[in-house]
1. Please indicate, with yes or no, whether at least one residue in the range 44-64 is more than 26 Å from Gln138 (Cβ to Cβ) and in contact with a helix residue (DSSP H, G or I) (Cβ under 8 Å, 6 or more places away or on another chain).
2. I'd like to check something: does the range 19-37 contain any residue that is at pLDDT below 85 and within 16 Å of the chain's Cα centre (by Cα)?
3. Search the range 277-289 for residues that are touching a residue at least 40 places away in the same chain (Cβ under 8 Å) and surrounded by 10 or more Cβ atoms within 10 Å (Cβ to Cβ) and pair each with any residue that is of a type in the set (Lys, Arg) and part of a strand (DSSP E or B) when their beta-carbon atoms are under 9 Å apart and the residues are at least 6 apart or on different chains.
4. Return a yes/no flag: does the range 28-41 have any residue that is more than 22 Å from Phe96 (Cα to Cα), touching a residue at least 60 places away in the same chain (Cβ under 8 Å) and of a type outside the set (Gly, Ala, Ser).
5. Tell me, yes or no, whether the range 32-44 has at least one residue that is open to solvent by less than 30 Å² (accessible area, probe 1.4 Å), assigned to a loop (DSSP other than H, G, I, E, B) and out of contact with any strand residue (DSSP E or B) (no Cβ under 7 Å at 6 or more places or on another chain).
6. Do we have Tyr73 as hydroxyl-bearing (Ser, Thr, Tyr) and in contact with a strand residue (DSSP E or B) (Cβ under 8 Å, 6 or more places away or on another chain) here?
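The values are calculated or read from the model by the stated rules, or taken from the named source; none is laboratory data. Keep in mind it's a predicted model, so treat the numbers as computed, not measured. A quick note on method: Cβ atoms are made from the backbone with ideal geometry, for glycine too, and the neighbour counts reach across all protein chains shown. Calculation scope for accessible area: heavy atoms of the full protein, side chains included, ligands and nucleic acids excluded. Shrake-Rupley method; radii C 1.70, N 1.55, O 1.52, S 1.80 Å.
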Amino acid sequence: MLLILSQRIDYKSEYKDVPFKLYHFPKSYRSQIKAGDKFIYYQGDRYKKENRYYYGCGIVGDIISSDDGRHYYAEIINGVKFPNKVPIYNPSGGFFESIGYENVREKPNPPWQRSIRKISDSAFKKILSFSKLDLSVQNLLLYSVAKESMTKYDKKLLIPLSAKLKESEAEYILEHAAEDEIENLLLQLDGSGSIEINRVLQKVRKASRKTITTLKEIYNYTCQICGSNHKEKYGVNVVEAHHIDYFADSLNNQPNNIVILCPTHHRLVHSGNATFIRPNCYFKYKNGYEEKLKINKHL
């Protein structure tokens with residue numbers, strides 16, 4: 001399916017998007033987008049016409065849900081920025097998206113308010129032809145198939161900061177990075193989406209593990225709540241690092257913001273919406289149950 005994805009780049013959006021890498025959208029649009037769909041990026045603005053244009057394209061990759069199921073995140077494959085912005089108006093008259101409209105909707109004018117909308121094959125190709133993209137790049141998009149499976153490393157780069165998925169899966173990719181540093185990294189995205197950010201993230205990822213690895217060693221791979229140690233009994237290390245203040249919100253990877261937990265207690269703390277109470281160092285669950293840390297050497 002061919003789509004238009006609304007994505008702001010000239011001014012801030014309330015969504016946690018990373019242009020050419022990740023697309024954040026509400027649950028209401030889930031049935032209208034799937035892996036393998038090809039799209040053109042559109043920036044809209046109901047007040048300023050100069051902010052309405054098409055500026056890039058790509059292919060939709062894997063789609064994941066936020067923990068609460070209210071939002072979704074689609075990875076972007078082969079994202080590429082147009083050499084120039086393409087206005088919404090067709091030089092021959094009307095809007096570009098009105099070309100072949102009868103194949104995708106009833107009315108000729110596009111539903112501008114919709115963040116995700118279908119576009120006809122002829123309109124899609126017409127916009128590309130005005131983008132000044134190299135023909136080989138256009139053909140790559142038009143005739144390529146989205147990769148069915150990304151590498152393990154690529155997938156982790158696409159986990160959004162706000163998704164709050166299992167922290168053990170995210171591996172704290174952006175830890176140790178200050179908020180303004182993250183903003184700068186995102187601004188470094190080039191047209192292909194390949195970026196300097198990948199190189200920087202590799203360094204950040206490597207540095208982020210040091211704090212967590214050190215804390216796990218301090219506690220001898222033991223859960224600070226229940227004292228279980230799977231490494232001694234089963235010969236495997238399964239403890240995980242829990243951020244007291246979600247890293248996605250606080251960007252705080254200091255030791256005093258991390259508790260080492262077994263997988264069971266890590267899930268309980270998240271599922272039970274447990275709040276960490278200082279200075280007595282205990283978790284208070286949403287049902288009122290309190291659980292004090294049995295082992296504490298650093299908080």
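1. Looking only at the range 44-64, we keep the residues that are more than 26 Å from Gln138 (Cβ to Cβ), and these are 45-49, 64.
Keeping just the survivors that are in contact with a helix residue (DSSP H, G or I) (Cβ under 8 Å, 6 or more places away or on another chain) gives 45.
Checked against the condition, which is being more than 26 Å from Gln138 (Cβ to Cβ) and in contact with a helix residue (DSSP H, G or I) (Cβ under 8 Å, 6 or more places away or on another chain), the range 44-64 yields at least one hit.
2. Yes.
3. Between residues of the range 277-289 that are touching a residue at least 40 places away in the same chain (Cβ under 8 Å) and surrounded by 10 or more Cβ atoms within 10 Å (Cβ to Cβ) and residues that are of a type in the set (Lys, Arg) and part of a strand (DSSP E or B), the close pairs are Phe283/Lys292.
4. First pass over the range 28-41, keeping only residues more than 22 Å from Phe96 (Cα to Cα): 28-31, 34-36.
Add one more test, that the residue is touching a residue at least 60 places away in the same chain (Cβ under 8 Å), and what stays is 29, 35-36.
Still in the list and also of a type outside the set (Gly, Ala, Ser): 29.
For the range 28-41, residues more than 22 Å from Phe96 (Cα to Cα), touching a residue at least 60 places away in the same chain (Cβ under 8 Å) and of a type outside the set (Gly, Ala, Ser): present.
5. No, the conditions are met nowhere in the range 32-44.
6. Details: hydroxyl-bearing (Ser, Thr, Tyr): yes; in contact with a strand residue (DSSP E or B) (Cβ under 8 Å, 6 or more places away or on another chain): yes.
So Tyr73 passes the test.
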